[in-house]
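First up is the structure itself, then whatever we jot down about it.
The values are calculated or read from the model by the stated rules, or taken from the named source; none is laboratory data. Every value quoted in this text rests on a predicted model; they were computed, and no experiment measured them. In this analysis, Cβ positions are derived from the backbone assuming ideal geometry, glycine residues included, and neighbour counts consider all displayed protein chains. Note: areas computed on protein heavy atoms with side chains; ligands, DNA, RNA excluded. Shrake-Rupley method; radii C 1.70, N 1.55, O 1.52, S 1.80 Å.
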Amino acid sequence: MPSTRILLDTDPGIDDALAILLAVASPEIQLDSVISVHGNCAVEQATLNALAILELAGANNIPVAKGFNLPLVQPSLLALETHGDAGLGYAKLSAPRNPPSARHGCDFLVERIMSNPGEMTLVAIGPLTNVAVAIRKEPRIVGALKEIIIMGGAVRHQGNSTPLAEFNVHVDPHAAHMVFHSGIPLTLVPLDVTYQCILTPADVKRLNKINSPITKFIDDSTRFYMEFHDEYQQIDGCAINDPLALALAFAPELCTYEEHFVDVDISGGVSMGNTFADFYKHTKKPANMKVALGVRARDFMELFLERMEGLARRLSET
Ligand code: BDR
Ligand code: CA
């Protein structure tokens, strides 16, 4: 029986889709459920994508619940130029057969946490709207969650949504602010580490040696993502941010961490959504999270590729 039970809050999204595949392919964890949120695309699309990817991976037993479609305060901000109009680049998946849960994602999240106190690790790889509202609806989740691993922020790294802000935090900075100050044990996985984890065209070529719907999906989705990275960031390949955050739930040794007080700028100026760590202890505030600041990127990429090969082979055999 795997020891770590995972709730995945996600806005699929190309790298979110890869994180879902990694979760299904990793025997160390048990993916309990998936909760969708706006972000890379609208929540309706993100929900369909989550269901379709789980079906692609042969994991249609994992429930998906649809969360919020708007940030708490800010207007909607989607990333269709990064992930494509339907969120998955050039990939075209069959419409899912399973419907989402009848419950709202936020209520679903609260229910899963409160019925398994101390057991659930929440991996949040989209804007934090669902999580922030869940904390307001049921403050006892603060003590009931084991941990939240958040893909978000840019601590020493530049932003990818603005020069100063990372996308997930920038889309809903007020939600991030609430979660950062919630008292829940947090691990932040910022661009500082995820932008060292680059899936290259050579990696995709390696995966394509296996003829499978999984490798075809990875090829079709990441080709679009790579074009974006090439055009806007001069990166040959694409950063797979979200799978790294997921991997830390079962292989925390892939990163090195520092404990810091980290805050979010919600003052509304040019640095809106900026995440800043108090490295020199100016504020005298106690640390509120562990921040991943170093990564064994090659080891992670090898783990990711091996898991994708394993999943592709497993599904071709069935
Ligand atoms: C984050 O933003 C999204 O576009 C990705 O899915 C990832 O979660 C990286 O900044
Ligand atoms: Ca994401």
So, in region 124-152, exactly how many residues are within 13 Å of ligand 2 (Cβ to nearest atom) and assigned to a loop (DSSP other than H, G, I, E, B)? 5
Of the conditions (1) within 16 Å of ligand 1 (Cβ to nearest atom); (2) buried (at least 21 other Cβ atoms within 10 Å of the Cβ); (3) within 24 Å of residue 80 (Cα to Cα), residue 247 satisfies every one except a single condition; which number is it? (3)
Would you mind listing the helices (runs of 4 or more DSSP H) fully within region 2-104 where at least 3 residues are within 14 Å of ligand 2 (Cβ to nearest atom) and touching a Phe, Trp or Tyr at 6+ places or on another chain (Cβ under 8 Å)? 14-25
The correct count of residues that are modelled with pLDDT of 95 or more and open to solvent by less than 90 Å² (accessible area, probe 1.4 Å) in region 293-318 is 17
Restrict the check to region 13-31 and report whether at least one residue is touching a residue at least 24 places away in the same chain (Cβ under 8 Å), within 19 Å of residue 133 (Cα to Cα) and either away from ligand 1 (no atom under 12 Å from the Cβ) or open to solvent by 10 Å² or more (accessible area, probe 1.4 Å) (or both). no
Is it the case, given these coordinates, that residue 51 is of a type in the set (A, V, I, L, M), away from ligand 1 (no atom under 16 Å from the Cβ) and either buried (at least 22 other Cβ atoms within 10 Å of the Cβ) or under 21 Å from residue 223 (Cβ atoms) (or both)? yes
Of the numbered conditions (1) among the basic types (Lys, Arg); (2) surrounded by fewer than 18 Cβ atoms within 10 Å (Cβ to Cβ); (3) in contact with a Ser or Thr (Cβ under 8 Å, 6 or more places away or on another chain), residue 290 fails exactly one; give the number of that condition. (2)
A careful count of residues in region 203-215 that are in a helix (DSSP H, G or I) and touching a residue at least 60 places away in the same chain (Cβ under 8 Å) gives 6
Does region 106-123 contain any residue that is within 16 Å of ligand 2 (Cβ to nearest atom), in a loop (DSSP other than H, G, I, E, B) and within 21 Å of residue 18 (Cβ to Cβ)? no
When the residues of region 32-46 are narrowed to those that are closer than 21 Å to residue 78 by Cα and over 14 Å from the mean Cα position of the chain (by Cα), which ends up farthest from ligand 1 (Cβ to nearest atom)? 44
Give region 162-202 a look and list any residue that's more than 20 Å from residue 79 (Cα to Cα), open to solvent by 30 Å² or more (accessible area, probe 1.4 Å) and either assigned to a helix (DSSP H, G or I) or touching a helix residue (DSSP H, G or I) at 6+ places or on another chain (Cβ under 9 Å) (or both), or say none. 177, 178, 183, 196, 200, 201, 202
